[in-house]
Amino acid sequence: MTNTAEIDVIIAGGGVAGAATAAALHQLGHRILLIEPGLHDDRRLAGEVFHPPGVMGLAELGLLDSLQQAPSARINGFIVTSGGSQREPLRLAYDEVLAHRMPGLGSEHRLIRQRLLDAVGRLSGVTVMRGKRVIAIDQSERSGVTVQVANGKATEGYRGRMLVAADGAHSRLGRSVGIGTCTRRISTMFGYRFSVAHLPDPDFGHVILGPFAPILVYPINGDEARILFDMPHRAGRLPRAEDCAEALPFLAPVLRAEVERAVAGQPRMSVITQASNPERLVQDRVRPGRRCRRQLPSVDGERNDKMRQRCPAAARCP
């Protein structure tokens with residue numbers, strides 16, 4: 001059975017992209033249904049740093065206040081050091097760039113997703129459905145799209161004028177309508193938490209040039225930082241958490257001891273990094289949105305004109 005609620009845009013996926021899309025289209029007066037299946041965010045290693053342009057974008061969408069609440073961390077830039085050498089660190093402060101009117105922001109990925117969903121759920125005209133998943137798409141009507149939403153064994157249909165698939169780079173929904181991706185594995189990233197008490201310049205992120213690839217360190221709240229070891233993919237061998245030990249000598253001694261304890265005592269968090277490219281750009285009425293990351297689709301011509309006025313880059317997109 002199809003629900004009769006009036007919906008302009010259905011968004012499948014409630015991560016940063018889905019929540020930001022909902023907030024932007026809400027500002028244009030669209031009625032939004034955002035469907036988020038729910039993930040084990042405490043086990044996921046994903047984006048936790050917003051650079052100044054991203055922070056300014058969050059402010060424009062009215063989402064920044066929800067993320068700046070404690071626990072979160074102000075990030076004033078990044079410091080690049082060559083691990084194991086005596087070279088002077090390279091300090092890259094955000095405020096040295098005139099266009100950067102705000103500092104960066106760091107927070108746990110789990111909190112980012114939760115707070116953004118809560119924020120867009122409070123907007124009028126935006127409905128957030130948690131714990132449900134889009135399992136089928138019907139494009140048989142030219143005037144809109146109908147999706148089947150599963151909640152356990154029960155399913156219900158919802159019809160909107162447009163569907164935004166915000167379910168990640170390897171979109172299952174994209175594949176279901178003919179937009180596949182070609183992927184190439186680059187590396188495996190391992191992440192751990194430790195106290196910022198042992199981090200020099202704790203209001204900065206740090207890039208440490210390690211033996212295989214840079215080691216990334218950044219604060220995620222007032223007390224803790226995240227360290228990421230990026231282990232390049234080697235043919236015939238999968239990276240292991242134990243490989244992080246090869247990079248530890250490139251850390252400062254005090255920091256190294258703290259990170260060694262974290263690696264030994266914390267559950268492993270990892271993510272595979274891949275290069276992804278769409279196999280085709282258009283399939284019938286479907287188009288990947290990544291060609292212009294700042295362009296947000298709209299439903300009718302009048303609203304589209306407003307969006308193009310607000311986003312100069314959108315006017316240049318085909």
How about the stretch 78-100: which of its residues are at pLDDT 95 or above and among the basic types (Lys, Arg)? Arg91
Among (1) within 30 Å of Asn221 (Cα to Cα); (2) open to solvent by 70 Å² or more (accessible area, probe 1.4 Å), which single condition is Gly191 missing? (2)
Selected residue (only one of Ala19, Ala59 is modelled with pLDDT of 95 or more, aliphatic (A, V, I, L, M) and either open to solvent by 30 Å² or more (accessible area, probe 1.4 Å) or part of a loop (DSSP other than H, G, I, E, B) (or both)): Ala59
Complete set of residues in the stretch 194-214 that are of a type in the set (Gly, Ala, Ser), in contact (Cβ under 8 Å) with a residue 60 or more places away in the chain and crowded, with 16+ Cβ neighbours inside 10 Å: Gly205, Gly210
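Of all residues in the stretch 119-165, which are charged (D, E, K, R), over 27 Å from Val16 (Cβ atoms) and touching a Ser or Thr at 6+ places or on another chain (Cβ under 6 Å)? Can you show your working first?
Of the residues in the stretch 119-165, the ones charged (D, E, K, R) are 122, 130, 132-133, 138, 141-142, 153, 156, 159, 161.
Keeping just the survivors that are over 27 Å from Val16 (Cβ atoms) gives 138, 141-142, 153.
Passing the criteria: only Asp138.
Under the condition of being surrounded by 17 or more Cβ atoms within 10 Å (Cβ to Cβ) and of a type outside the set (S, T, N, Q), which residue from the stretch 145-160 is nearest to Ala70 (Cα to Cα)?
Val149
Of all residues in the stretch 187-213, which are among the β-branched types (Val, Ile, Thr) and assigned to a strand (DSSP E or B)?
Selection gives Thr188, Val207, Ile208.
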Looking at the stretch 76-98, which of the residues that are free of Cβ contacts under 8 Å to residues at least 24 places away in the same chain and not in a strand (DSSP E or B) is least open to solvent (accessible area, probe 1.4 Å)? Ser85
Filter the stretch 222-243 down to the residues that are touching a Ser or Thr at 6+ places or on another chain (Cβ under 8 Å) and outside any loop (DSSP other than H, G, I, E, B), then identify the one that is nearest to Gly205 (Cα to Cα). Ala225
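Looking only at the stretch 62-73, which residues are out of contact with any Ser or Thr (no Cβ under 8 Å at 6 or more places or on another chain) and surrounded by 17 or more Cβ atoms within 10 Å (Cβ to Cβ)?
Step one: filter the stretch 62-73 for residues out of contact with any Ser or Thr (no Cβ under 8 Å at 6 or more places or on another chain), giving 62-66, 68-70.
Answer for the stretch 62-73, where residues must be out of contact with any Ser or Thr (no Cβ under 8 Å at 6 or more places or on another chain) and surrounded by 17 or more Cβ atoms within 10 Å (Cβ to Cβ): Leu63, Leu64, Ser66.
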May I ask you to say which residue of Gly222, Gly178, Gly131 is within 30 Å of Ala241 (Cα to Cα), in contact (Cβ under 8 Å) with a residue 60 or more places away in the chain, exposed (fewer than 15 other Cβ atoms within 10 Å of the Cβ) and not hydrophobic (A, V, I, L, M, F, W, C)? Gly222
Which condition from (1) over 17 Å from His30 (Cα atoms); (2) open to solvent by 80 Å² or more (accessible area, probe 1.4 Å); (3) part of a strand (DSSP E or B) is the one that Ser140 breaks? (3)
Of those in the stretch 244-298 that are at pLDDT 85 or above, in a loop (DSSP other than H, G, I, E, B) and open to solvent by less than 30 Å² (accessible area, probe 1.4 Å), the residue nearest to Ala213 (Cα to Cα) is Ala247
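The values are calculated or read from the model by the stated rules, or taken from the named source; none is laboratory data. From a predicted model like this one, the values you see are computed outputs, not experimental measurements. Note that we place each Cβ from the backbone using ideal geometry, even for glycine, and neighbour counts take in every protein chain shown. To get the accessible areas, we keep the full protein, side chains included, count just its heavy atoms, and leave off ligands, DNA and RNA. Shrake-Rupley method; radii C 1.70, N 1.55, O 1.52, S 1.80 Å.
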